[in-house]
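Trainee: Dumping the structure here so I can ask a few things about it.
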Amino acid sequence: MTYTVRRATQASKLAAAAGALLLVAFATLPWWSSSRDFMQLVVEFVCILTIAQMWNLLAGYGGLISIGQQAFIGIGGYTLVVLVNNLGVEPFLAVLLGGAFTAVLALPTALVVFRLRGAYFAIGTWVVAEVYRLFVANLAFLGGGSGQSLIGLAAIPVDLRQIATYETAIALAVVAIFGVFLLLRSPLGFALTAIRDSEVAAESQGIDVWRTRLAIYVIASGVTGLAGSLYFLSALRISPDAAFGMNWIPLLFFTVVIGGIGTVEGPILGTLLYFVLRQTFSGFGTWYLIALGALSIAIMLFAPTGLWGLVQRTTKLRLFPIQSIVNLNSVNPSGEL
Amino acid sequence: MNWVDTIVQGILLGGLFALFAMGLAVIYGVMRLINIAHGDFVVLGAYLMLSIALTAHLSPFAAAAIVVVLFAVLGYVLQRTILDRALGGDLLAPLVVTYGLSVIIENGLQQAYSADSHSLQIGALETASVHFGPIAVGIMPLLVFGVALAVAVGLELLFNATPLGMAFRATSDDRATARLMGVRDFQLYGYAAAISLGVTALASFFMGVKYTFTPTLGPSFLLYAFEAIVIGGMGSFWGTFTGAVILGVAQTIGFAIDPGWGILTGHLVFLAVLVVRPQGLFPKVVA
């Protein structure tokens, strides 16, 4: 019997073409659109999408449900501010260094929080984020509790800064979507997916669960730090509450859970929905947040695979071909294999 | 800084933390559920006491008693309607559901009471104190400590010396087998949630008297409760109580050194315990 293995589906080929077109359209946007507000919104969108996608890697694939990723958003943001304001580093290099430094700090952090498991891990990471927040708030040279502005950018013309920030965001979006896709198709990704499906079975196949988780924790936290750096490069102002605060947590829960956890498409869909809801209803303030809370409870209880899960169940659509599909081509007439 | 005084105040603060922690520990002990909204329930209880005392012209003590009963009923209903649906699968569902509750409670309180701070006023008792030699100890902190101690004794007895406690422990070990032995697990989980929220309402009262509270305080109370449980070593209410006292002393000492370092010192002691002794200081089960 012969067989072929294919990964691409009709939908994924179409999605790749559409993705390439979208990428070209967005990357050239500053030259055919003058709406700087929209560019700012895209930057924010990409940062949140990236942070959500990284959280999805941890929670949806690594089985590491963290309530403390805001620790790394904050570290990335503050690293940027210190590098630019105090050390005079070129801002876009500082964004990269912000991500790198965050990954470095994620390693010792992991060694502490990995001592907790399951739900305890979740709250333990939250404590760690609070430790970073309180620590930064106590350091006078970082601006203390009230934070500081990114003054080191004054030398760069506003227009150039906005376009450069925007293009950096487009590059980050490629990392957050295509990079995650490639990662999931790599050996590390297979190990992660195996752990997601069954930790015991993965271990029995020779996967070092602890090391795999450590690797994904450091990678996801580093990229989260990168997004944090870029976010505050765009926001131009940082404070411990904005950087390390709890406002980030519902964002992750809502975008990833509502969109569909454990898929590449889910967080994209979730972040899109979050932005649509926010731009439409955020004027309702607390009621808007109450509705988001209720929506996430309802999705978790009645459609735990999220919106993308619902789409997949009805259409079998897969835009990112992570799975391998085996086609049996022929079986000889005698029925022997 | 007077060391003895600081440590005594810290131990008494630990009494309040123990009340925060025991409600969380009951639910976790029986259902393996971490209630992220736990701290928000503490805050919600205090607001309810405030409203009941004001509208019905009752003393805060009477209002507290009403809310304890109300919360026990709320706990049972919440478990049977929402929380139970989140149990049994992976970890994510209970975390997301209770986090959703947390967001709903916090923003609901913002909507109803604004972000202004409030407190429960109980008159002269708030500031009354007794002197032990050079150290003045407030009556209220002593009362909190006494109540927390009584709750710890009560819960230990309930779990270890009553048929209900035996059923709790059996279900915690193995829900399916306990059910086969005739334990009505759904109802039992409801009782555990009722006890948890009842204890939480006690914590609400003493928190409301001690602090001026705002709708956003919940998460920090959750973290204190969680830290107390982990420091103590999971599995016994004595451990949780001791963990709470250690956390209280750590925070008070940190605060005496520099007001900005109080809460941070508590967190750091928690992390230190985690690194040095991840099973907690007084684990019941030795692995």
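The values are calculated or read from the model by the stated rules, or taken from the named source; none is laboratory data. Just so you know, these numbers come straight off a predicted model, no measurement behind them. In this analysis, Cβ positions are derived from the backbone assuming ideal geometry, glycine residues included, and neighbour counts consider all displayed protein chains.
Trainee: Do you know which residues across the range A:284-324 are away from every other protein chain (no Cβ under 14 Å) and assigned to a helix (DSSP H, G or I)?
Mentor: A:L307, A:W308, A:L310, A:V311, A:Q312, A:R313, A:T314, A:T315
Trainee: Among the candidates B:F270, B:F237, which residue alone is crowded, with 23+ Cβ neighbours inside 10 Å, over 29 Å from B:A65 (Cβ atoms) and not charged (D, E, K, R)?
Mentor: Among B:F270, B:F237, only B:F270 is crowded, with 23+ Cβ neighbours inside 10 Å, over 29 Å from B:A65 (Cβ atoms) and not charged (D, E, K, R).
Trainee: Limited to the range A:196-252, what total is found for residues that are within 17 Å of the chain's Cα centre (by Cα), of a type outside the set (G, A, S) and within 20 Å of A:A169 (Cα to Cα)?
Mentor: So the count comes out to 10.
Trainee: Here's something else I'd like to know. Can you tell me how many residues within the range A:121-132 are at the interface with chain B (Cβ under 7 Å from one of its Cβ atoms) and either surrounded by fewer than 20 Cβ atoms within 10 Å (Cβ to Cβ) or closer than 17 Å to B:G260 by Cα (or both)?
Mentor: Result for the range A:121-132: 3.
Trainee: Of all residues in the range A:133-152 being closer than 20 Å to B:L223 by Cβ and of a type in the set (A, V, I, L, M, F, W, C), which is farthest from the other protein chains (Cβ to nearest Cβ)?
Mentor: Here the residue is A:V136.
For every residue, the table says whether it meets (1) more than 17 Å from A:Y288 (Cβ to Cβ); (2) of a type in the set (F, W, Y).
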residue	(1), (2)
B:I82	yes, no
B:A86	yes, no
B:L92	yes, no
B:V96	yes, no
B:Y99	no, yes
B:I105	no, no
B:G108	no, no
B:Y113	yes, yes
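Trainee: Next up: In the range B:154-163, is there at least one residue being within 17 Å of the chain's Cα centre (by Cα) and surrounded by fewer than 15 Cβ atoms within 10 Å (Cβ to Cβ)?
Mentor: Looking through the range B:154-163, at least one residue is within 17 Å of the chain's Cα centre (by Cα) and surrounded by fewer than 15 Cβ atoms within 10 Å (Cβ to Cβ).
Trainee: Just checking, does the range B:192-202 include any residue being without any contact (Cβ under 8 Å) to a residue 24 or more places away in the chain, within 30 Å of B:S59 (Cβ to Cβ) and in a helix (DSSP H, G or I)?
Mentor: There is no residue in the range B:192-202 that is without any contact (Cβ under 8 Å) to a residue 24 or more places away in the chain, within 30 Å of B:S59 (Cβ to Cβ) and in a helix (DSSP H, G or I).
Trainee: Another question, if that's okay. Going by the conditions given, is A:L273 part of a helix (DSSP H, G or I), over 12 Å from B:V96 (Cβ atoms) and either in contact with a strand residue (DSSP E or B) (Cβ under 9 Å, 6 or more places away or on another chain) or more than 11 Å from chain B (Cβ to nearest Cβ) (or both)?
Mentor: Judged against the criteria, A:L273 is a match.
Trainee: While we're here: From the list B:P219, B:P215, B:P259, which one is crowded, with 24+ Cβ neighbours inside 10 Å and within 14 Å of chain A (Cβ to nearest Cβ)? Give the steps one after another, and end with the answer.
Mentor: Numbers: B:P219 fails: crowded, with 24+ Cβ neighbours inside 10 Å; B:P259 fails: crowded, with 24+ Cβ neighbours inside 10 Å.
Answer to the selection: B:P215.
Trainee: Turning to a different aspect of this structure: From the set of residues in the range A:241-258 that are surrounded by fewer than 24 Cβ atoms within 10 Å (Cβ to Cβ) and not hydrophobic (A, V, I, L, M, F, W, C), which is modelled with the highest pLDDT?
Mentor: A:D241
Trainee: Just a yes or no: is a residue in the range A:120-137 within 30 Å of B:V276 (Cβ to Cβ) and in contact with a strand residue (DSSP E or B) (Cβ under 8 Å, 6 or more places away or on another chain)?
Mentor: Within the range A:120-137, not a single residue is within 30 Å of B:V276 (Cβ to Cβ) and in contact with a strand residue (DSSP E or B) (Cβ under 8 Å, 6 or more places away or on another chain).
Trainee: Another question, then. Let me confirm something: among B:G235, B:G218, B:G208, B:G243, which residue is touching a residue at least 60 places away in the same chain (Cβ under 8 Å) and not in a helix (DSSP H, G or I)?
Mentor: Values: B:G218 fails: not in a helix (DSSP H, G or I); B:G208 fails: not in a helix (DSSP H, G or I); B:G243 fails: not in a helix (DSSP H, G or I).
One residue alone meets the criteria, B:G235.
Trainee: Continuing with the same structure: Looking at the range B:1-108, what helices (runs of 4 or more DSSP H) fall wholly within it and have at least 1 residues that are surrounded by fewer than 22 Cβ atoms within 10 Å (Cβ to Cβ), free of Cβ contacts under 8 Å to residues at least 40 places away in the same chain and at the interface with another protein chain (Cβ under 10 Å from one of its Cβ atoms)?
Mentor: It comes to none.
Trainee: May I ask you to list the residues in the range A:60-78 that are of a type in the set (V, I, T) and either touching a strand residue (DSSP E or B) at 6+ places or on another chain (Cβ under 8 Å) or surrounded by fewer than 24 Cβ atoms within 10 Å (Cβ to Cβ) (or both)?
Mentor: A:I65
Trainee: Going by the conditions given, is B:L125 more than 10 Å from chain A (Cβ to nearest Cβ), in a helix (DSSP H, G or I) and of a type in the set (A, V, I, L, M)?
Mentor: Yes, satisfied.
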